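Computed from the coordinates by the stated procedures, all read-outs in this text should not be read as laboratory data. Predicted, not measured: the structure shown is a model, and the values here were computed from it. Here the Cβ positions follow ideal geometry from the backbone for every residue, glycine too, while neighbour counts run over all protein chains shown.
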Amino acid sequence: MEEMRKAYKFTESKKLWDEALQYIAGGSTGMRRPHFDECPMYFSKAKGCRMWDIDGNEFIDLYCSIGPITLGYAYKRVDDAVRAVMKESFQSGMNHPVSVELAKLLCEFIPCAELVKYAKTGTEATLAAVRVPRLITGRKHIARHGYHGWADMWFTGSIKQNGVLEETHEFVHEFGGTAEGLEKLFKESHKEFAAVILCPADTKPFTRENFQEIIDAAHHHGALVIFDEVKSGFRCALGGAQEILGVMPDLTTVSKGMANGYPLSAVVGKREYMEYMPKTPNSGTFASEALSLTAGLATLKEFKEKNVPAHMAKMGQRLINGLNEIVAIHKMEGPIAYGDPVPAMPLLTWEEGKILYDNEAQNYFFSQCYRYGLFFHKWHVAFVNYSHKKKDIDEALDVCDFAMAKTKKKFG
């Protein structure tokens, strides 16, 4: 019964948000904006899989800071390692020894990795990665599928629409995520392509056959293959989607899963191609700071020792099964939960295979999740981390059951 639950209020969050709009462009960065009129915006504490906002409300978090919190907030092993480095020096004029140890681990985990280059964000990594095949092949054109960050070359638009240079799109061409679509692009564009970059988390069907056929088609036309595993890296398996699929790209980008929230990314790949990386412009002032590198090393050691991907898959599947059971109990038409593409990345949508932004029933359901203690994004995939245990997932499902009952009552 609703009267047995007390809906959260976000008075202090709303007050601070109104103030932020006076000083910060857009109020905040990217997707960290209010999803609804009543929405928590400012969190003062996070631990494990839970967060507390400045109004004192407690939430089970199924967003994990848009993916990089893989072990849990304020995870002791990671933060202790960072604090130890901080006592000495985490930034110097050269390199920190931890960079070598982390590179060894990346090469051990990721099937295609023989050499490593560090950066700070996924966008930086994808930009650095595409320069290598352009240098090697002398070709300009890139075929792409999926999301690869916010740089001009990845974003469609115009100067008048969003400040993006239209000219950058001349050399970047989208294909549908299948070998058939790629072959069609090759044939109809009459261009020579340096590389094909795809995001495994966005590519359907998520099968070995589809990915291998894409790789074969790209290589047949003289193009290298880059897997953008910023979302899927380490979360799907220690070796990412390529390990699960049993395929081998030439280069790979990773970021979100590797440092439990500390800013870090990397380009990894086959030695014969990565040896060209120093010949391309990719320097960054903060690329060698040791806090993030140390966090990455501690995070990936924990992944290996605790078999973190298996735990996330188990908890993700528990959430998916529970959501679909709730949908059936309330006889809802449309909603379905599934791994997108794997259980560790669950998605609940009102239409399978599609991201919906303006479905009233879907929006209402997720707004109720916020109001009763579950941070569950209305259109993005959810994420689980190592700190999510059965009791946390079951408590999250209890909120979902309550929210779905309200949604059924309102929308039928």
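Take the alpha carbon atoms of the stretch 81-115, find their center, do the same for the stretch 357-412, and report the distance between the two centers in whole angstrom.
The distance from the Cα centre of the stretch 81-115 to that of the stretch 357-412 comes to 38 Å.
On average over all directions, what projected area in square nanometres does the stretch 113-183 have, based on the convex hull of its Cα atoms?
6.0
Run through every distinct alpha carbon pair of the stretch 136-256 and return the Kirkwood hydrodynamic radius in angstroms, one decimal place.
One over the average 1/r among Cα pairs gives 14.7 Å for the stretch 136-256.
Using helices alone, I'd like the mean residue ellipticity at 222 nm for the chain: each DSSP H run of four-plus residues gives -39500 (n - 2.57), total over residue count, nearest 500.
Theoretical 222 nm ellipticity from helices: -12000 deg cm²/dmol.
Beyond 22 Å between alpha-carbons counts as too far, so tell me which of K15/K391; K301/K389; K47/K117; K47/K391 fall in that bin.
Long pairs (Cα-Cα over 22 Å): K15/K391; K47/K117.
From Cα pairs below 8 angstrom and at least 6 apart in sequence, can you work out the relative contact order of the chain, rounded to a whole percent?
Relative contact order, the chain: 21 percent.
Using only the alpha-carbon atoms, how far is helix 290-306 inclined from the longest principal axis of the chain? Give it as 0 to 90 degrees, nearest 10.
Helix 290-306 and the main axis of the chain meet at about 70 degrees.
In the stretch 1-139, if the dipole is taken from +1 on Lys/Arg beta carbons and -1 on Asp/Glu beta carbons about the Cα centre, which of G138, T70, S89 is farthest to the positive end?
Value: G138.
Against the empirical 2.2 N^0.38 Å scaling, what ratio does the C-alpha Rg of the stretch 76-306 come to?
For the stretch 76-306, the normalised Cα radius of gyration comes out at 1.02.
Consider all pairwise Cα distances in the stretch 1-94 and report the whole-number % of them above 24 Å.
40
Kirkwood hydrodynamic radius, computed over distinct alpha-carbon pairs, for the chain: how many Å, to one decimal?
Hydrodynamic radius (Kirkwood, Cα only) of the chain equals 22.5 Å.
Going Cα to Cα from K140, which aspartates and glutamates come in below 12 Å? Please leave out same-chain ones fewer than 8 positions away.
E170, E192
Give the angle, between 0 and 90 degrees and rounded to the nearest 10, that separates the Cα long axis of helix 122-137 from the longest principal axis of the Cα atoms of the chain.
20
When you have a sec, figure out the Kirkwood radius of the stretch 300-412 from all distinct Cα pair distances and drop it here in Å to one decimal?
14.3
Which one, A194, T207, F155, is farthest towards the positive end of the dipole of the stretch 152-223 when Lys and Arg carry +1 and Asp and Glu -1 on their Cβ?
Result: T207, furthest along the dipole toward the positive end.
What's the magnitude of the charge dipole for the chain around its Cα centre, counting Lys and Arg as +1 and Asp and Glu as -1 at the beta-carbon? Answer in Debye, nearest 20.
720
Would you mind checking which residues have amide H under 5 Å from L224's amide H? H placed 1.01 Å from N; only 5 or more apart, or other chain.
A195, V196
Quick one: angle between helix 179-189 and the longest Cα principal axis of the chain, in degrees between 0 and 90, rounded to 10, please.
Orientation of helix 179-189: about 60 degrees from the principal axis.
Provide the descending list of Cα extents for the stretch 319-365 along its principal axes, expressed in whole angstroms.
The principal-axis extents, from largest down, are 27, 24, 14 Å.
Using R₀ = 51 Å, calculate the FRET efficiency as 1/(1 + (r/R₀)^6) where r is the Cβ-Cβ separation of R77 and H190; round to 0.05.
It comes out at approximately 0.45.
Would you give the gap between the C-alpha center of the stretch 203-279 and the C-alpha center of the stretch 1-56, rounded to a whole Å?
Comparing the Cα centres of the stretch 203-279 and the stretch 1-56, I get a distance of 36 Å.
Placing +1 at every Lys and Arg Cβ and -1 at every Asp and Glu Cβ, with all other atoms neutral, what dipole size does the stretch 76-306 have around its Cα centre, in debye to the nearest 20?
It comes to approximately 460 debye.
7 Å from Cα along Cα→Cβ at both K306 and K140: what's the point-to-point distance in nm?
For the pair K306/K140, the computed spacing is 4.9 nm.
Select from the stretch 295-391 those GluC sites (Glu not before Pro) which occupy a DSSP coil region and have at most 14 other Cβ atoms within 10 Å, ordered by residue number.
Those satisfying the criteria are E333, E351, E352.
Could you work out how far apart the two model spin labels at S283 and F171 are, taking each label as a point 7 Å from the Cα in the direction of the beta carbon, and quote it in nm?
Result for the modelled spin labels: 2.1 nm.
So if R0 is 56 Å, what FRET efficiency would E114 and K409 give, r being the distance between their Cβ atoms, rounded to the nearest 0.05?
With a Förster radius of 56 Å, E is 0.45.
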